[in-house]
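Report on the structure given below.
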Protein chains: 4
Amino acid sequence: MCRWLAYSGSPILLEELLYKPDHSLIDQSLHARLGVETTNGDGFGVGWYSTNTETPAVFRSIEPAWNDRNLRELAGHVESPLFLAHIRASTGTAVQQTNCHPFRYGCWLWVHNGLVHDFPRLKRDLALAVDESLYTYIEGSTDSELLFYLALTLGLEDDPPGAVEQMVGLVEEAGHHYGIEHPLQMTIATTDGNSVWAFRYSSEGRSRSLYYSADMRTIREMYPERPRLQEVSDETRIIVSEPLLDLAGAWNEVPESSYGLVREGEDELRPFRPR
Amino acid sequence: MCRWLAYSGSPILLEELLYKPDHSLIDQSLHARLGVETTNGDGFGVGWYSTNTETPAVFRSIEPAWNDRNLRELAGHVESPLFLAHIRASTGTAVQQTNCHPFRYGCWLWVHNGLVHDFPRLKRDLALAVDESLYTYIEGSTDSELLFYLALTLGLEDDPPGAVEQMVGLVEEAGHHYGIEHPLQMTIATTDGNSVWAFRYSSEGRSRSLYYSADMRTIREMYPERPRLQEVSDETRIIVSEPLLDLAGAWNEVPESSYGLVREGEDELRPFRPR
Amino acid sequence: MCRWLAYSGSPILLEELLYKPDHSLIDQSLHARLGVETTNGDGFGVGWYSTNTETPAVFRSIEPAWNDRNLRELAGHVESPLFLAHIRASTGTAVQQTNCHPFRYGCWLWVHNGLVHDFPRLKRDLALAVDESLYTYIEGSTDSELLFYLALTLGLEDDPPGAVEQMVGLVEEAGHHYGIEHPLQMTIATTDGNSVWAFRYSSEGRSRSLYYSADMRTIREMYPERPRLQEVSDETRIIVSEPLLDLAGAWNEVPESSYGLVREGEDELRPFRPR
Amino acid sequence: MCRWLAYSGSPILLEELLYKPDHSLIDQSLHARLGVETTNGDGFGVGWYSTNTETPAVFRSIEPAWNDRNLRELAGHVESPLFLAHIRASTGTAVQQTNCHPFRYGCWLWVHNGLVHDFPRLKRDLALAVDESLYTYIEGSTDSELLFYLALTLGLEDDPPGAVEQMVGLVEEAGHHYGIEHPLQMTIATTDGNSVWAFRYSSEGRSRSLYYSADMRTIREMYPERPRLQEVSDETRIIVSEPLLDLAGAWNEVPESSYGLVREGEDELRPFRPR
């Protein structure tokens, strides 16, 4: 369906993750291994935080990522300590910028891989559940954007895990109302520019893949011959739909029905329970 | 804001109206004279009926019309007895194909010039008024598309003038509820492939310009030296936001608050009253 | 690298070949089986002849074919007795309309799958060999377009097989001059609107795949249960980079180093010898 | 035809010049006052230098600048001490990224406003005059890009004014050979990331407009109430096709047939004489 990536840590050029690894996100746009489709060519987006403004920048395009020159340019010149990137494989909705991730609201970003099953039937009910003051900001036609606005409606800015749990509960209830057995499939990353929350969940308990990078100190000791790994801070974390390179011990799978929190200080990994 | 054109009559190549006249629709994309803006460069669209299928074809693009090569190619090779064309100047919503006109539902097409004032405030109420079974077909984020789905909700397929009058009534009521003095500004064309209805109306009684071509028999007698005018049938009609060429007596203005019906047999021009 | 298709015969909607077969050209844009790459997502094009004009129409886009709505619309509404379609996988040159096939000159169309090895080194010499009066029509940066203008320079309009043989000779000589062992890899289709010539050749004698449909009479007798096959004329032929559907006996491989001529009357299949 | 802007000085967000002034470059894309056309909607580009890499970044798009969201995002987040921006009005060549300015070679950037008269007739001769090793880097089909590669061929990297003077001499000679009275019309900016050279010249001696900002110290004294003007360094300079805002005494016209050099230390303004 889609692939995404979240980075938090020492400022790096975007290309370090988007292009340089053997199985970089751009490589995954043509040759995804763990996804439902091998091609993710229906647009892409990257959102990054910089030091000179609070609101993150968002660059989105409907071109396939693999040959997009503007993305190549940006990735080679923009440095950031925190960014999300996403490559899209449409599940039916139009290929247009407003359907590309990340979605942004204020200083928040949101990326999603997965889908709401039978979305056309649920769409109106879900849209009505969005807060009136937020409704007008919906620009695209995807399930992913609607999930974001539902989470915002339910308090994302104050309690991200709680809001996402309530959002999933709401979607599942709406789905069951229409007789949809397994309404939701998702991995999601969201951030306010300081912390990153990453969720892995599906109604059927067989969620799309999600990995996070192992502790940087351990990795450095295991691989003293890799100079780039020596430079980034201990706090640096990468979360990905599928590993960017084959490096034994470097990636841990996020367990079914759980979420992780990456921030300065101790990270967390907790169970996820829809409410 | 926008410019549009509707043609009904003897089959002609689209280029006869889109490119060849001195002040063709494509010329209007760069040099509109009667509009609020001289440039209409935020995408375009053309919908046409052909003999081999009932549903009209729709070609839409986010590029400016003036240099679009695919439009030039199509216009030089596609013949049609009934088509609508539209060039867009966005009033704020995203430049994307799903925001380009004409909008299509079944065998119906719809183009709009104008706007719903304070649309972001009204958007949710108007969206809720769309029939549940139709809601999921809304793909874009414009006021124009929403007006179409409201008209469909209110019976466009059975009684077009009645449905549009009710739609306008509904929008004005919603607008007044929010204290908007003049909620709606519009010229609209809609067609089922047989008849074309064209509406000119605005809440403030100062509507955007709209013209229709005079009786072809009269025109032929007035201008015996113009061979192309001799060829098209008596029934042929063109409706436009602004005249395609300066030809004295060739264009009549559609009066304020009225609508016209073009079809085989006698045409009609009637007052328009929101309900 | 790329995939292409040529059709000549009873007028049909483009969608009959572009979308409806199990392994249609659009399916091949995501799931090519016989090509070097499975994804052909760097643009597409279709050129078709119609009855109302001599010059063929060309519709080209940089979007991937699989989700392009305008292509879907056209394919469902445009009928033609002779058309070429092409999906592109760039071998390095920019993704832009002027690099999409088919290329057109006058009433001629041209599509190519393959490449000139080490093209950047040969490009200038090849460009200089193009006739002065033709040089200015080159709009893109691909090897494919340059091969077309070289063939035109060498008499394509008078003797297509002879011109293509000379063009290949010229490219191979230029390549050998730079020490390139196998300068050219190609399957090519070209047409003047009446006949279609299809070439399969490579300097190394291991050319990309190319197939043509078997005699329609034979196919009809073999498959009496397939109504669409009963309708098209005996003269109808399809030439494709890879078969559109698995139908035993329906496709013949074009032999190495040979070319076919499809036209009204007897078709031909002959050896191809660079001069 | 086109409009461009060059900035050199204290690092600023691109938006300070691209969006914020009353008559910013983006405003000029819809409402140019001094150009041949009021609309410059056939694509745009911006090239900027940053501290982390030597090669400048280039972002180019075929969309009109006025509604391009990615440009808006970049301009609001990217800071640079030296950048060129360009909005395009095509004089006939295709609207594609490789025809958008700035053009880049190594660490050099190049923007052009104007045209080579009768370019299709001169194109081949000019292309042949490009150094063999550079020819293959030509990606687009514009006169502007060809002028850049001719200047590079003639020593732009060692002696920019001399190389541009020779380039103009070469173009004029080629033009006169074909009986073209006034072969060239141009304002050009080029930079290596340290200095900016800006040229104003035309064969007929009636060149397109070009302005440079007056001495910053003088401006600050004249306008003590404008805080942003107080912040930028004394060395800061802006060169523009037309002034960004009406501020008496802030802009000087570059004289006919002359060029300016902006760099750390003393700037220069000298006569320009084709060789």
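The values are calculated or read from the model by the stated rules, or taken from the named source; none is laboratory data. Since the structure is predicted, the reported quantities are computational estimates derived from the model, not experimental observations. As a convention, Cβ positions derive from the backbone with ideal geometry for all residues, glycine included, and neighbour counts pool all protein chains shown. Surface areas here come from the heavy atoms of the whole protein model, side chains and all, with no ligands, DNA or RNA. Shrake-Rupley method; radii C 1.70, N 1.55, O 1.52, S 1.80 Å.
Relative contact order (percent) for the stretch A:82-190, with alpha-carbon contacts under 8 angstrom and 6 or more residues of separation?
32 percent
log10 I(q)/I(0), Debye, Cα-only the stretch B:1-53, no solvent, q = 0.22, 0.28, 0.31 Å⁻¹?
-0.87, -1.19, -1.34
Tally Lys and Arg at +1 and Asp and Glu at -1 over the other residues with C-beta under 11 Å from the C-beta of D:Val58: what net charge comes out?
For residues surrounding D:Val58, the net value is +3.
What FRET efficiency do you get for B:Leu245 and D:Ala248 if R0 is 41 Å and r is their Cβ-Cβ distance, rounded to the nearest 0.05?
E(calc), rounded to 0.05, equals 0.40.
Is chain B best put as rounded, prolate or oblate by its Cα gyration tensor, with a ≥ b ≥ c the root eigenvalues, rounded for a/c under 1.5, and otherwise prolate when a/b is larger than b/c, oblate when not?
prolate
Where does the Debye-calculated log10 I(q)/I(0) of the stretch A:70-188 sit at q = 0.12, 0.19 Å⁻¹, using only Cα point scatterers of equal weight, no solvent?
-0.45, -1.06
Report the antiparallel proportion of the DSSP beta bridges in chain A as a percent, rounded to a multiple of 5.
Percentage antiparallel, nearest 5: 100.
Can you list, shortest first and in nm, the gaps between the label point of A:His176 and those of its counterparts in the other copies, using a point 7 Å from Cα in the C-beta direction?
4.5, 7.7, 8.8
Among C:Thr98, C:Ser144, C:Trp110, pick out the residue whose Cα is farthest towards the positive end of the charge dipole of the stretch C:67-190, where Lys and Arg carry +1 and Asp and Glu carry -1 on C-beta, about the Cα centre.
In the stretch C:67-190, that residue is C:Thr98.
Percent relative contact order of the stretch A:164-263, based on C-alpha pairs within less than 8 angstrom and at least six residues apart?
Across the stretch A:164-263, relative contact order equals 30 percent.
Between the chain alone and the structure with every protein chain in place, find the residues of the stretch D:58-75 that drop at least 50 Å² of accessible area; heavy atoms, 1.4 Å probe.
SASA drop of 50 Å² or more in the stretch D:58-75: D:Glu63, D:Asn67, D:Arg69, D:Asn70, D:Glu73.
Report the closest approach of any chain D C-beta to the axis of the D-to-C rotation: residue and distance, in whole angstrom.
Taking the axis that maps D onto C, the answer comes out as D:Gln96, 2.
What is the magnitude of the charge dipole of the stretch C:1-124 about its Cα centre, with +1 placed on the Cβ of each Lys and Arg, -1 on the Cβ of each Asp and Glu, and no other charges, expressed in debye to the nearest 20?
480 debye
With unit charges on the beta carbon (Lys/Arg positive, Asp/Glu negative), name the residue among D:Tyr201, D:Met167, D:His177 whose Cα is farthest towards the positive pole of the charge dipole of the stretch D:165-246.
Sorting the options by dipole projection puts first D:Tyr201.
Mind running the shape call on the stretch C:188-269? Use the C-alpha gyration tensor, a ≥ b ≥ c as the square roots of the eigenvalues: rounded below 1.5 for a/c, prolate if a/b tops b/c, oblate otherwise.
oblate
At the nearest 100 Å², what buried accessible area, both sides summed, do you get for B and C when the probe is 1.4 Å?
Adding both sides of the contact gives about 1800 Å².
Taking B:Arg220 in one copy and the same position in all the others, each labelled 7 Å out along Cα→Cβ, what are the pairwise distances from the first, in nm, shortest first?
Counterpart label points of B:Arg220 in the remaining copies fall at 4.4, 7.8, 8.9 nm.
Within the stretch A:143-168, what residues put their amide N at less than 16 Å from the label point 7 Å along the Cα-to-Cβ vector of A:Arg270?
A:155-168
Could you check the spin-label model distance between B:Leu128 and D:Asn52? Points 7 Å from the Cα along Cα→Cβ, value in nm.
Taking the simple label geometry, B:Leu128 and D:Asn52 are separated by 4.7 nm.
Please give, to one decimal in nm, the separation of the simple spin-label points placed at B:Leu261 and D:Glu256, each 7 Å out from Cα toward the Cβ.
Calculated label separation equals 6.7 nm.
State the Cα centre-to-centre distance between the stretch A:191-217 and the stretch A:222-257 in whole Å.
A separation of 13 Å, based on Cα centres.
Only Lys, Arg, Asp and Glu count, each charged at its Cβ (+1, +1, -1, -1), so figure out the dipole size of chain C about its Cα centre, rounded to 20 debye.
Once rounded to the nearest 20, the dipole reads 480 debye.
Express the carbon and sulfur contribution to the solvent-accessible surface of the stretch B:139-275 as a percent, rounded to the nearest whole number, probe 1.4 angstrom.
That share works out to 45 percent.
In percent, how large is the relative contact order of the stretch D:207-265, given Cα pairs closer than 8 Å and 6 or more residues apart?
48 percent
So, with a 1.4 angstrom probe, what is the percent of accessible area on the stretch C:8-69 that is carbon and sulfur?
49 percent
Which whole number gives the average, over all residues in B:92-99, of C-beta atoms from other chains lying within 10 Å of the residue C-beta?
6
Using only the Cα atoms of the stretch A:114-271, build the gyration tensor, take square roots of its eigenvalues as a ≥ b ≥ c, and label the shape rounded, prolate or oblate: rounded if a/c is under 1.5, else prolate if a/b is larger than b/c, else oblate.
It is prolate, given that a/c is not under 1.5 and a/b is the larger ratio.
Sequence neighbours fewer than 8 away in the same chain don't count; with that in mind, list the lysines whose C-alpha is under 24 Å from A:Lys123.
Partners within reach: B:Lys123.
Can you list the distances in nanometres, one decimal and ascending, from the D:Gly155 label point to the identical position in each other copy, with the point 7 Å along Cα to Cβ?
Result, one decimal in nm: 4.7, 7.4, 8.4.
Could you work out how far the C-alpha centroid of the stretch A:122-144 sits from that of the stretch D:11-40, in angstrom?
Taking the Cα centre of each part, the stretch A:122-144 and the stretch D:11-40 sit 35 Å apart.
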